[in-house]
1. Considering only G86, T151, S220, whose Cα is most displaced toward the positive end of the charge dipole of the stretch 3-235, charges sitting on Cβ of Lys, Arg (+1) and Asp, Glu (-1)?
2. Could you give the Stokes-Einstein D for the stretch 1-85 in µm² per second, using the C-alpha Kirkwood radius, 4 °C, 1.567 mPa s?
3. When a footprinting reagent is the concern and you count Cβ atoms within 10 Å, what order do F156, F202 take, fewest first?
4. What span do the alpha-carbon atoms of the stretch 3-235 cover on each of the three principal axes, reported in whole Å from largest to smallest?
5. Rounded, prolate or oblate: pick one for the stretch 109-174, where a ≥ b ≥ c are the square roots of the eigenvalues of its C-alpha gyration tensor, a/c under 1.5 means rounded, and failing that, prolate if a/b is larger than b/c, else oblate.
6. Sort S232, S58, S220 by Cβ crowding within 10 Å, fewest neighbours at the top.
7. Taking the beta-carbon count within 10 Å as an exposure proxy, list I119, I130 from fewest neighbours to most.
8. Please identify the chymotrypsin sites (Phe, Trp or Tyr not before Pro) of the stretch 3-97 that satisfy two criteria: DSSP loop assignment and at most 12 other Cβ atoms within 10 Å. Which are they?
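Just so you know, all these numbers are worked out from the coordinates, no wet-lab data involved. Model, not experiment: these values are computed from the prediction. Cβ sites come from the backbone with ideal geometry, for glycine too, and all protein chains shown count toward neighbours.
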Amino acid sequence: MSPDRVGRVASAELAVGAVGVAANVSQRVLPSDARLAAALGAAGTAVVIARRAGVSWSELGLGRDRVADGVRWGAAAGAAIAVGIGVAGRFGAVRERFSDDRVATHDRVQAAYELAVRIPLETALAEEVIFRGALLGLALRRRSTPAALVTNSALFGLWHVLPTWAGMDGSAVGASVGEGPAARVGAVAGVVAATACAGAAFGFLRLRSGSLVAPVVAHSALNMTSFAVARSAARHRSRSTQPQQGGRA
């Protein structure tokens, strides 16, 4: 690749990174009914930037010829993830690790919106388009596959710093750490490491299937099953704290 092309790709990576940062911040400051549009808008902008830098639809994982492969790989990975989390969530100690007081306040309509719209579109689709689509497609233009996956996964882990810190209160992560900034920083670092590993797995799915559909489906399955287990944990905790009826006076 010529020096001019390398510089063009590098500039596009920085631009997509800036779009990602803006999208991350917007999810913290915008009203809930505006976040979906902001997330999808950021994803669309990232695709436009990558395309203008010369990245093909296929390199973005958006080629129509690999959709079927993406569905197969995504469905297999998503089913394995859902079964694994669902089985693990039946054990009380594991279930409590998913606990989140914010989930406990959702009524059925809100929960349905989370499962049908916010998780698959605002979270999984938007994040995968930005990370495993635009950023990974650009990275592969000037790095080896292992190097591109490592940097992409690290960035995906760092993406979770702000939401983890902001959502610490009331979550299982916050409840499991001690008081003080140092404990919180350690907890956030653990989440960053875990999500970076997840990002590497999503990147593998993207490259192995040739389609962005695969990580979108797997990412959706992970978050949707985690949400369902968190709801179960909240209901279980609520029942366990209610006073027993029918006892002797």
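1. The listed residue farthest towards the positive side: T151.
2. On the way: Rh = 15.3 Å.
Approximately 85 µm²/s, per Stokes-Einstein.
3. If I rank by nearby Cβ atoms, fewest first, I get F156, F202.
4. Cα spread of the stretch 3-235 along its principal axes, largest to smallest: 55, 40, 34 Å.
5. Values: a/c = 4.10, a/b = 1.65, b/c = 2.48.
Note, shape of the stretch 109-174 comes out oblate.
6. Values: S232 17, S58 14, S220 22.
Ordered from fewest to most neighbouring Cβ atoms within 10 Å, S232, S58, S220 come out as S58, S232, S220.
7. Result, fewest neighbours first: I119, I130.
8. Numbers: sites: W57, W73, F91; in loops: W57, F91.
Listed in order of number, the matching sites are F91.
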